[in-house]
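Trainee: I'd like to ask some things about the structure below.
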Amino acid sequence: MTFEESVFYNVCVMKTQVYNPYLPMGTYIPDGEPRVFGGRVYVYGSHDKCGSVRYCPGDYTFWSAPTADLKKWTLKGCSYPRYGIGNRLGFRCMWAPDCVRGTDGKYYLYYSFDFHNRINVACCDTPDGKFEYCGYVKHKDGKPYGKGKSDIMCFDPAAFVDDDKRVYLYSGYSANDDLKRMLNRRGIRNVDGTGGQVAELESDMMTVKSTPKMLIPGYKNSAGTGFEGHEMYEASSMRKIGGKYYFIYSTRLSHELAYAVSERPDEGFKYGGVIISNGDIGYDGRSERDALNYWGNVHGSIENVGGKWYVFYHRQTNKNEQTRQGCAEEITINPDGSIDQVEMTSCGLNGGPLEGKGEYPAYIACNLMSASGALKCKYGPFSRHKYKYHPCVTEYEKGKQCIRDMRRGAVAGFKYFCLQDLKKVGLIVRGGGGKIKVSTELRGEPFASVYITPSKKWEYFETEAKVCDGVSALYFEYDGDGVIDFLSFELQ
């Protein structure tokens, strides 16, 4: 068995644990909206592809796991193809969806085709079966929602069915001036930086019952509201916790999911705080300049799964914003209803630190940066030259991921492991020579240095190691004159 075959065999065996990203390697499901139905948690997300220059070009595929065992994610297949009504040739991409169980017991999927300014609806008898198109959200006169006088542009729809069976639809996109001009040229006039909107729906789940109204502010109308600096950008989501309503959204900073709280589902929301940033920005007071990961847009929500609360979100890979992967972290709802910001980890849904033994793939790094730090990932293919000297998680073969382009001073960090009686550290890398320093603190004193020799093929290198037992992060820093790719590491 080759070293490469060995690492994938062992990683497969080690799936008695679960790590971030929580879906199989090479799976790109961003914008994850977690929902629990009948003892399983389902993630309703869009579908990226590695190397794509567009957001969400794939079909909807809804993964799920038993709430009692978040290590067993499965997929039945494609639940809703992008080729169909409103998209016969498949040119349009289906962006972030949401799914709720309607008052009739059926499951309703809400989605939009990119900037089409319309919310489509599909339904199914099961949470992850074959959804069928059943229409679009409309006003009582038949006019599509998004075209009415009081409507804002339809974007990232979210639905919520309250305990009293009343149904609410949330949408919103606070475009900056450049995006506004672009959308205006496309004929979309009802877009601005004014925030998110809510509309109550009839029991048919598709007809607007009440006049839509603004829910939380965007950057143009936030003065004096308490939302300043964390205004609505996109990614609407609603949850009810302890009798209060939590609106989850992506802020104008793009990299962070925040929440607002109210006593009602359609008004009175006050800013609560940040739940997570996919660059760990804001955590422990960290600024964008000190980001621990290559960051970009984020979308997700929170859900109670098996008695614990989690935030589901996504990270960037491939040096752009179009190859995103779903991650999750455990959160705590404090007695006063507040939620503290949590950091990105590699252990995510594992229920605790990963074992301090065995082989782990490098692509599960929760922190990644060059010698000069980490940057915001950009949209499209024309900006990738800016990241020439930066490492990234990407594919070296179809569906197989590694960290590529590590130069001197680049660091890959993994959190957290329960280290006990560690004797050796091994690595599978390819590329230039030098050494990789292993430490428990970012750019800290190494407890092991793995010396590597140049090779165009994947090669295994190891060294003896001695470190104090306990729960710890692991950081791998490259010190050499070449460029290396990092496939995996082994703890013995």
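The values are calculated or read from the model by the stated rules, or taken from the named source; none is laboratory data. This is a predicted model, so every value here is computed, not measured. Quick reminder, even Gly has a Cβ in these numbers, built from the backbone with ideal geometry, and neighbours come from all protein chains shown. For accessibility, only protein heavy atoms count, side chains too; no ligands or nucleic acids. Shrake-Rupley method; radii C 1.70, N 1.55, O 1.52, S 1.80 Å.
Trainee: Give me the residue from region 198-214 that is more than 20 Å from Tyr173 (Cβ to Cβ), in a loop (DSSP other than H, G, I, E, B) and hydroxyl-bearing (Ser, Thr, Tyr) and, out of that set, most open to solvent (accessible area, probe 1.4 Å).
Mentor: Ser203
Trainee: While we're looking at this one, here's another question. I need the full set of residues from region 80-94 which are farther than 17 Å from Lys49 by Cα, open to solvent by less than 60 Å² (accessible area, probe 1.4 Å) and in a loop (DSSP other than H, G, I, E, B), in order please.
Mentor: Scanning region 80-94 gives a single hit, Gly86.
Trainee: What pairs come up if the first residue lies in region 475-492 and is touching a residue at least 60 places away in the same chain (Cβ under 8 Å) and aliphatic (A, V, I, L, M), the second is part of a strand (DSSP E or B) and open to solvent by 10 Å² or more (accessible area, probe 1.4 Å), and their beta carbons are under 7 Å apart, counting only those six or more places apart or on different chains?
Mentor: Val483/Asp405; Val483/Gly431; Ile484/Arg430; Ile484/Gly431; Leu487/Trp458; Leu491/Gly358
Trainee: Which ones in region 137-158 are farther than 23 Å from Tyr249 by Cβ and either touching a helix residue (DSSP H, G or I) at 6+ places or on another chain (Cβ under 8 Å) or touching a residue at least 24 places away in the same chain (Cβ under 8 Å) (or both)?
Mentor: Residues of region 137-158 that are farther than 23 Å from Tyr249 by Cβ, as a first pass: 138-144, 147, 149.
Lys138, His139, Lys140, Pro144, Lys147, listed by residue number.
Trainee: Can you find a residue that is touching a residue at least 12 places away in the same chain (Cβ under 8 Å), open to solvent by 10 Å² or more (accessible area, probe 1.4 Å), assigned to a loop (DSSP other than H, G, I, E, B) and more than 30 Å from Ile241 (Cα to Cα) anywhere in region 294-311?
Mentor: yes
Trainee: Does region 233-242 include one or more residues that are at pLDDT 95 or above, open to solvent by less than 10 Å² (accessible area, probe 1.4 Å), closer than 18 Å to Val298 by Cα and not in a strand (DSSP E or B)?
Mentor: Within region 233-242, none of the residues are at pLDDT 95 or above, open to solvent by less than 10 Å² (accessible area, probe 1.4 Å), closer than 18 Å to Val298 by Cα and not in a strand (DSSP E or B).
Trainee: Run Tyr173 past the list (1) surrounded by fewer than 20 Cβ atoms within 10 Å (Cβ to Cβ); (2) within 24 Å of Tyr136 (Cβ to Cβ) and report the number of the one that doesn't hold.
Mentor: Of (1) surrounded by fewer than 20 Cβ atoms within 10 Å (Cβ to Cβ); (2) within 24 Å of Tyr136 (Cβ to Cβ), only one is false for Tyr173: (1).
Trainee: Working only within region 412-440, note down all residues that are farther than 20 Å from Tyr396 by Cβ, in contact with a Phe, Trp or Tyr (Cβ under 9 Å, 6 or more places away or on another chain) and aliphatic (A, V, I, L, M).
Mentor: Selection gives Leu422, Val425, Val438.
Trainee: Now for a separate question. Would you say Glu329 is under 22 Å from Phe417 (Cα atoms), of a type in the set (D, E, K, R), over 13 Å from the mean Cα position of the chain (by Cα) and not in a loop (DSSP other than H, G, I, E, B)?
Mentor: Working: under 22 Å from Phe417 (Cα atoms): yes; of a type in the set (D, E, K, R): yes; over 13 Å from the mean Cα position of the chain (by Cα): no; not in a loop (DSSP other than H, G, I, E, B): yes.
For Glu329, the condition - under 22 Å from Phe417 (Cα atoms), of a type in the set (D, E, K, R), over 13 Å from the mean Cα position of the chain (by Cα) and not in a loop (DSSP other than H, G, I, E, B) - is not met.
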